[in-house]
Amino acid sequence: MTIPYPSTQPLPAIPAVTPPSGASRPRLTFLGTGYLGATYAICFAELGYEVVGFDIDAEKIAKLAGGEVPFHEPGLDELLKRNLAAGRLRFSTDIAETAEFGDVHFICVGTPQRADGMGADLSYVEAAVTGLSQHLTRKALIVGKSTVPVGTAEWIEQLVGKHANPELGVEVAWSPEFLQEGFAVEDVLRPNRIVVGVKSEWANGMLYAAHKGVFDLAATEDREVPLVVTDFATAELVKVAANAFLATKISFINAMAEVCEVAGADVTQLARALGYDPRIGNRFLQAGIGFGGGCLPKDIRAFQARAQELGAGEALRFLHEVDLINLRRRTRVLQLAAELLGRRYGPAGPDLSGTRVAVLGATFKPNSDDVRDAPSLAVAALLHKAGADVHVYDPQGMENARRERPELTYEPSMNDAVRGADLVCVLTEWADFRNADPVVLGELVAARRVIDGRNCLDPALWTQAGWEYRGMGRPA
């Protein structure tokens, strides 16, 4: 295990601490059982901890307690059932019971974009911390894990000071999450780093004990898990800075796609050449219709808003352009659709009435059922608004997509979606779509036209099968 430390002094030994509950290892609670909290609760139970997941949503808690994960994440269902059966994991809507149980309480509630601006809505964080603090009866550590604006941890300390019994000595720490949807189980059990922001040796020791299962697993597999021990502000900034960097890299290659489209170059070959440079690397250099999901879009906007509040708005002005590039890729699909269908693209966009369009993909990425700010679903809505008869299929996201965009038509299979289509748009890179047989699909459509919104198809294969192919940032 390597432990980089922000100090020129030798790293002090991490103190051994006894959990306030008297248990042999800290008892853990996760407040908020959405994607973040439920995944962490289940995986830490798998590491051998006693865990309670808390939420005010009784329906969600009932599903989890019954062995049903309320979202799609590969491998999580099996772990949930196993740890419920083992008695290490349970779920509750009782905040007093949760407070009494835990030694370390992780705050995992949502921090959506505010309705009145770009900043983060911290009302769920405030409610969770306030409710928990009022019911604590012994010393505990409250650890923020939600993605928040820098300065939130200090504010939470003030909330705890106001609502918890001061004689208990309740402390606050911060430990950001780095989950990738579709790979979240691995990200919790085998993280590429753990970051903790602490103010005391006791908090540092408690967080080390709370993660010892992760380090023990790494030791059995002869791996190292870097542990970065730092201050509150740095720990808070790590996640938003990482997301800002990732969003910038994705928007950079999409900006290059815009240039390639007018220059006649191929962005996939450009990205391949760039990726060989070890300073750049090839990950997240796939041009397409941009990023989405419940994190990157809202996080880069909240980061800009917070920087502005702190007087450092100029430093993050580039993120505004990152956001604009990302949104432009969605309208680019509409332009390509008009071109392929022979419709004029005017100031108000194209008129696609009388055409049937198949949209393959509704989630923001494969191996997920998350449609929050999904570029694929946004493009489907743009096509519908332009007058097209849009038929959507996604392997996992149909139910969520139907709730989000009820005006679209949803089909039970890929074949049903493409049957009779004048245009097929592949907008999420599911393996089912990447590996689809263009000859077979060609027998179902009304016209062999395809937009590869993720550059995940083999252009030569589709062209040989008689399809008119358009990729993002690739020559016609």
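The values are calculated or read from the model by the stated rules, or taken from the named source; none is laboratory data. Everything numeric here is computed off the predicted structure, so don't read it as measured data. Cβ atoms come from the backbone with ideal geometry, glycine included; neighbour counts cover every protein chain shown. Heads up: the accessible areas ignore ligands, DNA and RNA and are worked out on the full protein's heavy atoms, side chains in. Shrake-Rupley method; radii C 1.70, N 1.55, O 1.52, S 1.80 Å.
Bin by bin, in steps of 5 Å, what percent of the Cα pairs in the range 77-169 do you find, going until the bin that has the longest distance?
Answer for the range 77-169: a P(r) of 3, 12, 21, 20, 16, 13, 9, 5, 1, 0 percent.
Two-decimal Rg/Rh of the range 267-377 from alpha-carbon positions, Kirkwood Rh?
My calculation puts Rg/Rh at 1.04.
What number comes out for accessible area per residue over the range 163-314 if the probe is 1.4 Å? Units Å², please.
In whole numbers, the range 163-314 has 44 Å² accessible per residue.
Remind me, what semi-axes does the range 343-476 give for its equivalent ellipsoid, largest first in whole Å, using sqrt of 5 times each Cα gyration tensor eigenvalue?
So the three semi-axes of the range 343-476 are 20, 18, 14 Å.
If you take every DSSP beta bridge fully contained in the range 319-436, what fraction is antiparallel? Give it as a percent rounded to 5.
Looking only at bridges with both residues in the range 319-436, the antiparallel portion is about 15 percent.
Please state the Cα pair-distance histogram of the range 233-311 with 10 angstrom bins from zero: what percent is in each bin?
Result, from short to long distances: 17, 41, 28, 13, 1 percent.
Would you mind counting up the charge near Gly466? Only other residues with Cβ under 12 Å from its Cβ, with Lys and Arg at +1 and Asp and Glu at -1.
0
Can you tell me which of 221-228, 267-274 comes out highest on packing, and rank the rest after it, using the mean Cβ neighbours within 10 Å?
267-274, 221-228
Helix-only estimate, please: 222 nm mean residue ellipticity of the chain, summing -39500 (n - 2.57) across DSSP H runs of length 4 or more and dividing by its residues, to the nearest 500.
Computed ellipticity for the chain at 222 nm equals -13500 deg cm²/dmol.
Reported to two decimal places, what Rg/Rh ratio describes the range 127-262 when computed on Cα atoms with Rh from the Kirkwood expression?
Dividing the radius of gyration by the Kirkwood radius yields 1.08.
So if I restrict to the alpha-carbon atoms in the range 13-54, what is the Rg, and what is Dmax, the biggest pairwise distance, in Å?
11.7, 35
Please sort 318-327, 385-394, 464-473 by packing, taking for each peptide the average over its residues of neighbouring beta carbons within 10 angstrom, highest first.
By packing density, highest mean first, the sequence is 385-394, 464-473, 318-327.
Which shape class applies to the range 73-121: rounded if a/c is under 1.5, otherwise prolate when a/b exceeds b/c and oblate if not, where a ≥ b ≥ c are the square roots of the Cα gyration tensor eigenvalues?
Oblate.
Mind grabbing the accessible area of Thr18 for me, 1.4 Å probe, Å², rounded to tens?
Spelled out: Thr18, probe radius 1.4 Å, area about 110 Å².
Would you list Ile253, Ile56 from the most to the least accessible area, probe 1.4 Å?
Listed by decreasing accessible area, they come as Ile56, Ile253.
Quickly rank 168-179, 288-299 as a protection proxy: mean count of other C-beta atoms within 10 Å, highest first.
288-299, 168-179
Please tell me the relative contact order of the chain in percent, rounded to the nearest whole number, where contacts are Cα pairs under 8 Å and at least six residues apart.
It comes to 13 percent, rounded to a whole number.
Give me the percent of the accessible area of the range 211-351 that comes from carbon and sulfur atoms, probe 1.4 Å, all protein chains in place.
59
What list of ³J(HN,Hα) values in whole Hz, one per residue of the range 51-57 in order, does the Karplus curve 6.51 cos²θ - 1.76 cosθ + 1.60 (θ = phi - 60°) give from phi, with Gly and Pro shown as x?
Karplus-based 3J(HN,Hα) across the range 51-57 equals 9, 10, x, 10, 7, 7, 7 Hz.
What percent antiparallel are the DSSP beta bridges of the range 1-158, to the nearest 5?
Percentage antiparallel, nearest 5: 5.
Determine the shape class of the range 116-177: with a ≥ b ≥ c the square roots of the Cα gyration tensor eigenvalues, call it rounded for a/c under 1.5, and otherwise prolate if a/b is greater than b/c, oblate otherwise.
prolate
Once phi is turned into ³J(HN,Hα) by the Karplus curve 6.51 cos²θ - 1.76 cosθ + 1.60 with θ = phi - 60°, what whole-Hz value does each residue of the range 166-177 show in order, with x for glycine and proline?
Each residue of the range 166-177 in turn: x, 5, 6, x, 5, 10, 10, 9, 9, 8, x, 9 Hz.
Step through the table entries Lys60/Lys249; Lys139/Lys162; Lys81/Lys298, compare each Cα-Cα distance with 27 Å, and write down the pairs that go over it.
Listed pairs above 27 Å: Lys60/Lys249; Lys81/Lys298.
Which net charge results when you count Lys and Arg as +1 and Asp and Glu as -1 among the other residues whose beta-carbon is under 15 Å from that of Phe303?
For residues surrounding Phe303, the net value is -1.
Would you pull out the residues with amide H under 5 Å of Val392's amide H, same chain only if 5 or more places away, H placed 1.01 Å from N?
Those lying under 5 Å, H to H, from Val392 are Val359, Thr409, Tyr410, Glu411.
Binned at 5 Å from 0, what are the whole-percent values of the Cα-Cα distance distribution for the range 147-190, short to long?
Going out from 0 Å in 5 Å bins, the range 147-190 shows 5, 18, 20, 14, 12, 13, 12, 6, 1 percent.
In Å, what Kirkwood hydrodynamic radius results for the range 24-125 from the alpha-carbon pair distances?
13.9
As a test of understanding, state the convex hull volume per residue of the chain from its alpha carbons, in Å³.
Dividing the Cα hull volume of the chain by its residues yields 167 Å³.
Starting from 0.36 nm per residue, how many nanometres of slack lie between Glu221 and Tyr345 once their C-alpha separation is accounted for?
39.0 nm
Place a label point 7 angstrom from the Cα of Ala16 along the Cα-to-Cβ direction, then list the residues of the range 24-50 whose backbone nitrogen is under 17 Å away.
In the range 24-50, the label zone of Ala16 (backbone N under 17 Å from the point 7 Å along Cα→Cβ) covers 24-26.
Looking at the square roots a ≥ b ≥ c of the eigenvalues of the Cα gyration tensor of the range 185-260, which shape do they give, rounded for a/c under 1.5, prolate if a/b is larger than b/c, or oblate?
Cα axes put the range 185-260 in the oblate bin.
If I model a spin label at Ala263 and Glu468 as a point 7 Å from the Cα along the Cα→Cβ vector, what separation in nanometres do I get?
In this crude label model, Ala263 to Glu468 measures out at 2.8 nm.
Mind checking the per residue accessible area of the range 393-476 for me, 1.4 Å probe, whole number of Å²?
44
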